[in-house]
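The values are calculated or read from the model by the stated rules, or taken from the named source; none is laboratory data. All values derive from a computational prediction rather than experimental measurement. Cβ sites come from the backbone with ideal geometry, for glycine too, and all protein chains shown count toward neighbours.
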Amino acid sequence: MSFTIALAGKGGTGKTTLAALTIRYITEVLGKSAFGVDADPNNSLGAALGIDFEKSISDMREGIIEKRLDFPAGMSKERYIEYCIEECIVERGKFDLLVMGRPEGPGCYCYVNNLLRKYLDRLGTNYPFVVIDNEAGMEHLSRRTTNRVDLLMVVCEPTVIGVVTAKRIIKLSQELPVSIKERVLLLNRVPEEGLNEKVLERLEREGLKPRTSFHFDEEIFQASSRGTSLLEISRDNTTYKALCQFFNGCVPVEVDSSLRSE
Ligand SMILES: Nc1ncnc2c1ncn2[C@@H]1O[C@H](COP(=O)(O)OP(=O)(O)OP(=O)(O)O)[C@@H](O)[C@H]1O
Ligand SMILES: [Mg+2]
């Protein structure tokens, strides 16, 4: 069974940044392989990992729905759809990435979507770790990729509105038909001088205790401005080191040996 980590939070809080660094931690520190799922229609996890992807799941699904793709003779429709999904996976040795693209539309082709979910669930179990970067909000988690999450990382900006939104996202996550083992709140881009009094008060009032905080990080900001991969920032980067420390004791170091290692 793989260990699934999902990231959620308000827009622009740092979900993609932390998802990319999580993949780096799994591959670099734990020496395990990871399956990254970019479930944000804006497709940014690939960029944060320095990957140009060619085809998203939504491109593939639309192709099938519009019947632009011919099913090859001798191949069942089901096997063909699996083949098309495999074609969308970008392999990087230590980790693979799948870009979901746009969510299914109202006129969805349920046969394709059902197969897709079934296949993704099975595919995810081949890897010791699955990391899902989500778009802002939570609703889509239930219909997109998985119905089981081991660790939900709710990323929060250090503002009063950020805290209120994080609380709402945590509540929403409790109402989803997704089994979530553990939820943690992470503060990101905290100024050097620390948290504002109002933010501290609000955290207390909402009954929220951040598990860890990351400061504003110039190296991350520069990497993002230049469009460089977060796999290339220094190993001593403060945010990366703090994330590694947070994960120690929080994710399993020993995983099912039948699953792919690096
Ligand atoms: N600790 C940090 N210090 C400095 N800049 C940061 C930090 N974390 C994230 N950023 C920057 O903030 C911006 C938004 O981060 P990111 O794209 O990870 O957020 P997001 O939550 O995934 O956004 P969206 O909701 O649009 O998907 C990026 O430019 C990123 O480089
Ligand atoms: Mg993002």
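Listing for the model above:
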read-out: Single residue of K167, K171 found to be surrounded by fewer than 20 Cβ atoms within 10 Å (Cβ to Cβ) and free of Cβ contacts under 8 Å to residues at least 12 places away in the same chain; value: K171
read-out: D150 vs. criteria at pLDDT 95 or above and on the phi < 0 side of the Ramachandran plot; value: no
read-out: Lone qualifier among R92, R122 - being more than 16 Å from ligand 2 (Cβ to nearest atom) and modelled with pLDDT of 85 or more; value: R92
read-out: G31 being at pLDDT 90 or above, more than 16 Å from ligand 2 (Cβ to nearest atom) and more than 30 Å from R168 (Cα to Cα); value: yes
read-out: Selected residue (criterion: nearest to T17 (Cα to Cα)) from residues of the stretch 214-236 that are of a type in the set (S, T, Y) and assigned to a loop (DSSP other than H, G, I, E, B); value: S229
read-out: Candidates A6, A73 - the one that is among the hydrophobic types (A, V, I, L, M, F, W, C) and crowded, with 24+ Cβ neighbours inside 10 Å; value: A6
read-out: Unmet criterion (only one of (1) away from ligand 2 (no atom under 12 Å from the Cβ); (2) modelled with pLDDT under 90; (3) surrounded by 15 or more Cβ atoms within 10 Å (Cβ to Cβ)) for D40; value: (1)
read-out: Failed item in (1) part of a strand (DSSP E or B); (2) under 30 Å from R117 (Cβ atoms); (3) touching a Cys at 6+ places or on another chain (Cβ under 9 Å), with K181 passing the rest; value: (3)
read-out: Pairs where the first residue, in the stretch 37-61, is over 10 Å from M100 (Cβ atoms) and of a type in the set (D, E, K, R) and the second is in a helix (DSSP H, G or I) and within 15 Å of ligand 1 (Cβ to nearest atom), C-beta under 8 Å, 6+ apart; value: D52/G46
